[in-house]
Amino acid sequence: MIWNKVLKKALFFLLPSILFACSVSYSFQGGRLNYDLVKTVTIREFPNRTPNYPLLSQTLDQALRKRYIEQTRLVPVNSGGDIEIEGEITQYSVQGMAVKDNFESLTRLTIALRVKYTNHKEANSDADQTFSAFREFNASRSINEVEDQLVKEIVEELVDKIYNETVASW
């Protein structure tokens, strides 16, 4: 009986302390950003320096803008953003690959970008690097048959890489 009272008093004082002291916070939006300092983003169009797939610049631009708008609290502005993202599409190549184990010949579509990320409000946050991604497809199909879908998949992967490298703390 005395233990029951002691246990109740201990729980009464310890439980709130444990609950307030041990809290875990998860945020899936702009993990590295200090929103007290950084409020706006400018995403410049990435010119396509390759002669292939004329809509690639527009496709990449839309995907990047969508990601930063939906997954951060940054307000997009046309120029002078606290964060600026710019770059260029440097590679769009289609090349035959070696025959694989199942004796199917594959073709690989590769897209590469040079990206410059500038954070005008936080020191040591800038980045200037190249990202690339590829998809392989059965060589019995023409690039025209699969290009739209593969470009969509590759752009999504590139946007993931850029976002994770620049503002997400993964």
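At a glance:
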{"item": "Thr107 vs. criteria under 19 Å from Lys152 (Cβ atoms) and assigned to a strand (DSSP E or B)", "result": "yes"}
{"item": "Residue identified as among the aliphatic types (A, V, I, L, M), modelled with pLDDT of 95 or more and assigned to a helix (DSSP H, G or I) among Val151, Val115", "result": "Val151"}
{"item": "Hits in region 85-135 (condition: without any contact (Cβ under 8 Å) to a residue 12 or more places away in the chain and of a type in the set (Lys, Arg))", "result": "Lys100"}
{"item": "Subset of region 44-90 (residues that are surrounded by 15 or more Cβ atoms within 10 Å (Cβ to Cβ) and in a strand (DSSP E or B))", "result": "Asn48, Ile83, Glu84, Ile85, Glu86, Gly87, Glu88, Ile89, Thr90"}
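The values are calculated or read from the model by the stated rules, or taken from the named source; none is laboratory data. Note that this is a predicted model, so its numbers are computed, not measured. With ideal geometry, Cβ positions are generated from the backbone for all residues, glycine too; neighbour counts draw on all protein chains shown.
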